[in-house]
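Each remark here refers to the structure printed beneath this line.
Readers should treat all values here as calculations from the given coordinates under stated rules, not as data from a laboratory. Remember, it's a predicted structure, so these values are computed and weren't measured experimentally. Counting neighbours? That spans all protein chains shown, and the Cβs are built from the backbone with ideal geometry, glycine included.
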Amino acid sequence: MVHVVSEIGRGGIDVARVRGLYPTLATGTAQLDGAFAALHPESVIRAIISTLRSAPAQPGSRSSRSQQSATRVLRTRRAAADLVQGRAEDVVLGDSTQSLLLRFTTLLSSDWQLGDEIVLSRLDADLAMRPWLRVARGRGVIVRWAEVDLESGELPAWQYEKLISRRTRIVTVSLANAATGMVPDVRAIADLAHRHDALVVVDAGVAPAYLPLDIEELGADLLAVAGPAFGGPTVAAIVARPGLLDELNDAVEGPPGAQRFEVPPLPIELLDGFTAAVDHLADLDENAVGTRRERLVTSVGAAGDHTRSLYRRLDRGLRALPGITVLGAPDRPLPVAAFTVAGRSPDDVGAFLHRRNISVWSGPSGMSELLRAFGADELGGAVFVGLMPHTAASEIRQLLDALRALGPR
């Protein structure tokens, strides 16, 4: 059982209050899966149930239920726009980041020629990488790779000076993955890409739960966010920089605006859940005031301070345990970690912790390039831990005590 008594996180997060918003925490299990299996707050669950009770229909008809769904779509576009400081008219909705990227890879690659180039990185998640690899193979496009510094876990921006050229069409950047906890200098990479008229596609990854995002500051042409990373349902959005969808309009048939780029049917039953998840982020700090965007900046910033403070204790504890290797450097901006235990598979570790009422992620990670670079694929992968706004200090102690009892083999 996890006990939290008047624990106030740095930045004004009342952890006890926040924990009360998650019904799953009542089971007493330390939920440390992070963004791999983020918990749904009660408000998200209620929003989805309410939508289902209304028997929603797809938008586009004059029927009352279809018109209600059109309103839901608009609300969700506004929520996604507030999440990244974008515009609602530039938000394209779908059921997953991968399905949305498949749509845009088809559109953006329509005029690619043999010998054109794209730049991917070993930090990219598989679901964000594979659509580009598929179209590159089909069109004879050269794939160049940005490498991760294995000592620090960082993605150095300087290497892009040699990777990007006048033949580069697309540069993808992972803003925050769930292993190294590092955040690349996306703006520096984007500036280099734009100098050569290449488009920059950014996968927000786990960042929305920890960092206030701004698409203009990042310099992204397309920014992908996924609801499951921050407690939302399986709904994703790609937010385009202003004007980009207009530039692509001629390549797509259909109604005007962002709707033209969406592949029906939309996950209508889940859209209000996505909006509720964004609202939940905005209200993590009960003292946050202003518009939803302003409250998001305050609350997400405070949640990031709280989780990073806890992570420092976790990282020191992990690195002090015999047989444990943490991937990447200890000083990282995001409170996520991947580690291995000598002589034990990730499944063995996950099963042992499960018996001690601790939930971590030990299954498929969707980061095959990164784990291969670290050599962790030869060990069967890694164990992943991610701290969330509801994480309590007692859960960190519970995990470290359990790993100490497990030990290496």
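A few points about this structure:
- Calculated FRET efficiency for the pair residue 250/residue 196, C-beta based, R₀ 30 Å, to 0.05: 0.80
- Each of 22, 160 was scored by other Cβ atoms within 10 Å of its Cβ. Listed from fewest to most, they are 22, 160.
- Beta bridges per DSSP, both residues in segment 46-280: antiparallel share near 35 percent.
- Stretching the chain fully between residue 89 and residue 185 yields a gain of 31.9 nm (0.36 nm per residue, less the alpha carbon separation).
- Within a Gaussian network of the chain (alpha carbon springs, distance under 10 Å), most fluctuating of 30, 393, 320: 320
- Gaussian network model of the chain, Cα within-10 Å springs - most flexible of 56, 228, 41: 56
- Exposure proxy order (Cβ contacts within 10 Å, fewest to most) of 263, 336: 263, 336
- For the chain, the relative contact order comes to 24 percent (Cα pairs under 8 Å, sequence separation of at least 6).
- Shape call, segment 135-255: gyration tensor on alpha carbons, a/c limit 1.5: oblate
- Residue order, fewest to most surrounding Cβ atoms within 10 angstrom, among 340, 106: 106, 340
- For the chain, share of DSSP beta bridges that run antiparallel, in % to the nearest 5: 50
- Taken as Cα centroids, segment 35-92 and segment 103-119 sit 31 Å apart, rounded to the nearest whole angstrom.
- Reducing segment 261-337 and segment 349-368 to their Cα centroids gives an inter-centroid distance of 19 Å.
- Judged by the gyration tensor of its Cα atoms, with axes a ≥ b ≥ c, the chain is oblate; a/c meets the 1.5 cut and b/c is at least as large as a/b.
- CD proxy at 222 nm, helix term only [per DSSP H run n ≥ 4: -39500 (n - 2.57); per residue of the chain; nearest 500]: -12000 deg cm²/dmol
- Rounded to the nearest 20 debye, the dipole size of the chain about its Cα centre is 760 debye, using +1 on the Cβ of Lys and Arg and -1 on the Cβ of Asp and Glu.
- Segment 182-253: C-alpha gyration tensor shape, a/c 1.5 cut-off, then a/b vs b/c: oblate
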